[in-house]
1. Of all residues in the stretch 208-248, how many are farther than 30 Å from ALA309 by Cβ and under 22 Å from the mean Cα position of the chain (by Cα)?
2. Does the stretch 157-169 contain any residue that is at pLDDT 95 or above and not in a strand (DSSP E or B)?
3. Just one of ALA326, ALA313, ALA300 is free of Cβ contacts under 8 Å to residues at least 60 places away in the same chain, loosely packed, with under 14 Cβ neighbours inside 10 Å and not basic (Lys, Arg); which is it?
4. Considering THR166, THR172, which residue is surrounded by fewer than 18 Cβ atoms within 10 Å (Cβ to Cβ) and touching a residue at least 60 places away in the same chain (Cβ under 8 Å)?
5. Considering only the stretch 326-361, state which residues are within 22 Å of HIS99 (Cβ to Cβ) and either modelled with pLDDT of 90 or more or among the hydrophobic types (A, V, I, L, M, F, W, C) (or both).
6. Those residues that are among the acidic types (Asp, Glu) and more than 29 Å from PHE42 (Cβ to Cβ), I need them from the stretch 337-369; list them, please.
7. Just checking, which of LEU149, LEU219, LEU194 is farther than 27 Å from GLY129 by Cβ, surrounded by 15 or more Cβ atoms within 10 Å (Cβ to Cβ) and among the aliphatic types (A, V, I, L, M)?
8. Among the residues of the stretch 111-137 satisfying the criterion of being touching a helix residue (DSSP H, G or I) at 6+ places or on another chain (Cβ under 9 Å) and at pLDDT 95 or above, which is nearest to SER67 (Cα to Cα)?
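The values are calculated or read from the model by the stated rules, or taken from the named source; none is laboratory data. Everything numeric here is computed off the predicted structure, so don't read it as measured data. Note that we place each Cβ from the backbone using ideal geometry, even for glycine, and neighbour counts take in every protein chain shown.
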Amino acid sequence: MKSLKKRNKQALGAALVAAAISMPFSHAAFAEAAPEKGIVAFKYLNYEDTQTNLPEDTKRITVNAFSVMGMAPIAGKWSISTTYTNDSVSGASPEYHSHVVSGASAHDKRQAVDLGVTHYFQKGTLTVGNSYSSENDYISRGYSAQGTLESEDKNTTYALGGSYTTDTINPTNNKSSFFDKRTIAGLAGVTRVLTKNDIVQLNLGYSKGRGYFDDPYKLFDVRPDRRESKTVMSRWNHHFDGSDGTGRFSYRFYTDSWGVRAHTLGAEYYQPMSNNWALTPSARYYTQTAADIYLPVDPAKPGEPAIPAAGVANYSNDQRLSAYGAVTLGIKVEKRIANEWLVDARFDQYLQRATWCLTGGGDKNLDHFSYRSIQLGLSRQF
């Protein structure tokens, strides 16, 4: 039996779940005023991905996750928030490219807790946080701090933050070995109210990691022990008076020291309806170039792992390091009850193709990949 590769679980157990447990009861970005009410929320996520292997599709990984979040104001100048997440991952993931070993499967559980404390000043905030995540072969600890400062006219908010994360990896296929990874990250941003209907935001991010980046559950996977990345994120929210709806548009550029260049375009439209219902359709397009260390599929041997050339120090058969494009379409429905309860449901469908890469050069011998996710939420203000 083969274990699930760690990076897949990280991406599913962290990124997806983080999206599922986003703060209910909408708040403005970098709100400067201390909250008057507390929140308790529950979120559930079901995820399933599929590798298209003609003549039939192969289901790879299933995730079931739930999260409980609470936030409470303290003394009018403080707030404290905490989140507990528990997710269960099962299935099988490729040991190289799109190849899933027949009969290979695994089950794993992850538990994560994070805590944040915010102090509200007259013209700014300061938030410090701590996080801990544990599963049978991976432990992660994180520490973060972020401050905001409001301009005199209250139309501009500046933000500056940083984080430090330590990870310990103990692969199930080599329990006598322990590997470490350390990552520092920083964020600088500005949010500006342009008009009564328009808000724009620009964030710059930087991350530098050192240590173990290999995937211990893949064939021919030896990655550099350092990775630096830079991001530029821009957002624009526009409120439409006629429909009372809000359009949310975003663009993100990512580049790293492994040669990956990525662009993400996102758009969603929040439309309130009668009887306290709301509908939010969304769409996102993502494209990236291949990492310098990616080993493409050999067209002459599509069912076999690519073998690195002699003398090459770093290489990987991980298809997520290839060039590809992806489209995500989603729909969210929510209902507010008595101004205190909020119930929501969301469905997302993700489709990934090598030929959809904006710059071309995708590995056309890779099988198609897709996933769908369902999120259910219930929250209450008090």
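1. The first filter runs over the stretch 208-248 and keeps only residues farther than 30 Å from ALA309 by Cβ, leaving 231-248.
If we keep only those that are under 22 Å from the mean Cα position of the chain (by Cα) too, we end up with 231-237, 247-248.
Total meeting the criteria: 9.
2. Within the stretch 157-169, not a single residue is at pLDDT 95 or above and not in a strand (DSSP E or B).
3. On the way: ALA326 fails: loosely packed, with under 14 Cβ neighbours inside 10 Å; ALA313 fails: free of Cβ contacts under 8 Å to residues at least 60 places away in the same chain.
Checking each option against the conditions leaves just ALA300.
4. Numbers: THR166 fails: touching a residue at least 60 places away in the same chain (Cβ under 8 Å).
Within the list THR166, THR172, the selection yields THR172.
5. So in the stretch 326-361, the residues within 22 Å of HIS99 (Cβ to Cβ) come out as 326, 350-357, 361.
Correct list: ALA326, TYR350, LEU351, GLN352, ARG353, ALA354, THR355, TRP356, CYS357.
6. Going residue by residue through the stretch 337-369, those that are among the acidic types (Asp, Glu) are 340, 344, 348, 363, 367.
ASP363, ASP367 - these are the residues of the stretch 337-369 that are among the acidic types (Asp, Glu) and more than 29 Å from PHE42 (Cβ to Cβ).
7. Numbers: LEU149 fails: farther than 27 Å from GLY129 by Cβ; LEU194 fails: surrounded by 15 or more Cβ atoms within 10 Å (Cβ to Cβ).
Only one candidate qualifies: LEU219.
8. Taking the stretch 111-137 as the starting set, the residues that turn out to be touching a helix residue (DSSP H, G or I) at 6+ places or on another chain (Cβ under 9 Å) are 112, 133, 135, 137.
Next cut, at pLDDT 95 or above only: 112, 133.
Numbers: ALA112: 9, SER133: 13 Å.
Taking the candidates together, the pick is ALA112.
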